[in-house]
Amino acid sequence: MTRIRAARRAAATLVVAVAIVAPSLPSTAGAAGQQVSPSPGAPGVGDRLYPRLGNGGYDALHYSLRLRYATRSPAQAVQGTVRMVARSTKALSRFNLDFGGTRVGRVLVDGRAARAVRVGEELVVTPARAIAEGAPFVVVVRRFRATPTTPDPFQPSSTSFFSTRDGSATAGQPDGMHDVFPSNDHPRDKAAFAFRIDVPRGTTAVANGVLTGVQPRGRRTVFTYRQQQPMATELTQVAVGAFRVVRRDPVDGVRVRDVVPRRLVAAYDRRLAVERQQLRWMRERVGDYPFDTYGSLLVDTNLGFALETQTLSLFDTQLFRQPRAGWEPVMLHELAHQWFGNSVSPRQWSDVWVNEGHATWYELSYAADRGQLRGHTGGFRTVEGTMRRVYEGSDFLRSEFGPVARPRSGDELFNPHVYYGGALALFALRQQVGVGAFRRIEQEWVRRYQGRSASTRDFIRLSSEVSGQPLDRFLTAWLYGSTTPPMPGRPNWQASPARASLRGSSGSALDALRGLPLLHRHGG
């Protein structure tokens, strides 16, 4: 995704008691039968860029979301209940959920009322009884409330849960989905999902995964969906409003559906249908699609990005104002994320180059294959020519944003270097190991880590194993080095050594990147 959330709310130190029950927390028996004193779970997973994001002490296994949209108003607040099934990884006296929404109601742990306290965007839950190490437990948070905002491409926090004239939708990457519902909001902790969405009759509700039921109930309708493959919370999609679901013929057993504002179906139907051909294109290169369904969600607004919400990629109408060479490769970019970023998620947010570098590599490769690269990049005719220009500016990108696999801050997480520097590192790997070995690496990566979260170091180890070459030093230099290594097989490629040589007349970073394809991005 090309944008991130604004600074966390000024109320980050606010403490609000939600429900109070005097807990009784005796010692619990550990896995080997020894007595273990319970202790609090960590208020974060230890992510370098987002230290308070996610939570320690448990593994979320399944979320059930029950949402009620009282009216047809796109701007309405939504009330819901979330049920999280989890397993503890230590004896817990209390644990945290991430939540930045408007309010929560009663909290239960294993059917008993629990004490819950808001501390900024943390919901600190103290159960009536301590949770033993390795024990399954169930948390229910009732009557949580979230309110959509009007999307503003210059205000990243405005799109976590947003409204348009047709309805509302979500775009919570990287750290915004807990503005909608309480969760363990980090891609390291993936879980299966079920959705129950109660809406007024005549309103359409969609979510990730497969539709399992549509139940009319008087003047209302209940839609149910199931996402059985593990999903990171940041990839959750719930869209409700005056939409039409356009169902297309399956591709190799994969169900295909698009979700489009009813008044825009005729204008966009044929353009979105290209995803069927794109599914085949990606399958030929990296293997079977990892989910049961795929499609596009179109919203009539200007988000400033496209986003790979799992099984249902999000696009705005602004994207399609470009020529076909502008938008079609972006659709491929988001599809590629279903393998790279969704099925295989980042272990920590510093690993986001694995998502974005791969999606950019396949985006450029697809554009070249379709004869669209020149129009897509603003003048480059070949992938190699594009990579050479990125290489020339790579030292500047490293100095401006940090190494590919070590972005400087969460505020610049989705910087140009993770996209094009990541793709350049993959091009270098392909040069080093050969086309055949590179393809085997790609296919083994998505096969071995399917449904899991993996790190940059995991990618380095797997690349060495599959290629039969010791690639640790080579890939470490490309992914963590402060300067750009030599390009294998291209001794005449030179990275510009001085930032001044790349700067425009204003001396701005934006001017320095002119001439690169970086400014043509719209994809997430």
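Annotations
- In the stretch 363-372, residue nearest to LEU475 (Cα to Cα) [restricted to those that are in a helix (DSSP H, G or I) and open to solvent by 10 Å² or more (accessible area, probe 1.4 Å)]: SER365
- Cross-chain or 6+ apart pairs with Cβ under 6 Å, the stretch 341-364 first and closer than 17 Å to ARG430 by Cβ, then open to solvent by 10 Å² or more (accessible area, probe 1.4 Å): LEU364/VAL383
- Taking every residue in the stretch 240-268 that is open to solvent by 60 Å² or more (accessible area, probe 1.4 Å) and pairing it with any residue that is aromatic (Phe, Trp, Tyr) and not in a helix (DSSP H, G or I), at least 6 positions away or on another chain, the pairs with Cβ-Cβ distances below 8 Å are ASP252/TYR289; ARG255/TYR294; ARG262/PHE243.
- Residue list for the stretch 322-352, restricted to those being open to solvent by less than 10 Å² (accessible area, probe 1.4 Å), charged (D, E, K, R) and more than 19 Å from ALA171 (Cβ to Cβ): GLU328, ASP351
- Applying a threshold of 6 Å to beta carbon distances and a minimum spacing of six or more residues, or different chains, the list of pairs starting in the stretch 182-208 at a residue that is β-branched (Val, Ile, Thr) and modelled with pLDDT of 95 or more and ending at one that is assigned to a loop (DSSP other than H, G, I, E, B) and surrounded by fewer than 24 Cβ atoms within 10 Å (Cβ to Cβ) reads THR203/ARG72.
So that you can scan it fast, the table gives a plain yes or no per residue for (1) at pLDDT below 95; (2) more than 20 Å from VAL352 (Cβ to Cβ):
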site: ARG440; (1), (2): no, yes
site: SER453; (1), (2): no, no
site: LEU462; (1), (2): no, no
site: PRO491; (1), (2): no, yes
site: LEU502; (1), (2): yes, yes
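- Single residue of the stretch 122-159 satisfying the filter (open to solvent by 30 Å² or more (accessible area, probe 1.4 Å), at negative phi and of a type in the set (D, E, K, R)) that is modelled with the lowest pLDDT: ASP152
Conditions tested, residue by residue: (1) acidic (Asp, Glu); (2) crowded, with 23+ Cβ neighbours inside 10 Å; (3) closer than 17 Å to PRO151 by Cβ; (4) modelled with pLDDT of 95 or more.
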site: TYR289; (1), (2), (3), (4): no, no, no, yes
site: THR311; (1), (2), (3), (4): no, yes, no, yes
site: ASP316; (1), (2), (3), (4): yes, yes, yes, yes
site: PHE320; (1), (2), (3), (4): no, no, yes, yes
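- Qualifying residue in the stretch 17-28 (condition: open to solvent by 60 Å² or more (accessible area, probe 1.4 Å), at pLDDT 95 or above and not in a strand (DSSP E or B)): no
- Residue list for the stretch 102-121, filter: at pLDDT 95 or above and either among the polar types (S, T, N, Q) or open to solvent by 70 Å² or more (accessible area, probe 1.4 Å) (or both): ARG106, ASP110, ARG112, ARG115
- Selection count, the stretch 153-168, where residues are in a strand (DSSP E or B) and within 15 Å of the chain's Cα centre (by Cα): 1
- ILE197 passes every criterion in (1) in a strand (DSSP E or B); (2) open to solvent by 10 Å² or more (accessible area, probe 1.4 Å); (3) aliphatic (A, V, I, L, M) apart from (2).
- Leading residue by the ranking (nearest to GLY341 (Cα to Cα)) among those in the stretch 291-309 that are polar (S, T, N, Q) and open to solvent by less than 10 Å² (accessible area, probe 1.4 Å): THR309
- Some residue of the stretch 368-375 being in contact (Cβ under 8 Å) with a residue 60 or more places away in the chain and touching a helix residue (DSSP H, G or I) at 6+ places or on another chain (Cβ under 6 Å): no
- Qualifying positions in the stretch 125-142 - touching a residue at least 40 places away in the same chain (Cβ under 8 Å) and part of a strand (DSSP E or B): THR126, ARG129, ILE131, PRO136, PHE137, VAL138, VAL139, VAL140, VAL141, ARG142
- Subset of the stretch 290-308 [in contact with a helix residue (DSSP H, G or I) (Cβ under 6 Å, 6 or more places away or on another chain) and of a type in the set (Ser, Thr, Tyr)]: SER296
The values are calculated or read from the model by the stated rules, or taken from the named source; none is laboratory data. In this text, all values refer to a predicted model and were calculated from it rather than measured experimentally. In this analysis, Cβ positions are derived from the backbone assuming ideal geometry, glycine residues included, and neighbour counts consider all displayed protein chains. Accessible surface is based on the protein model in full, side chains and every heavy atom, while ligands, DNA and RNA are left aside. Shrake-Rupley method; radii C 1.70, N 1.55, O 1.52, S 1.80 Å.
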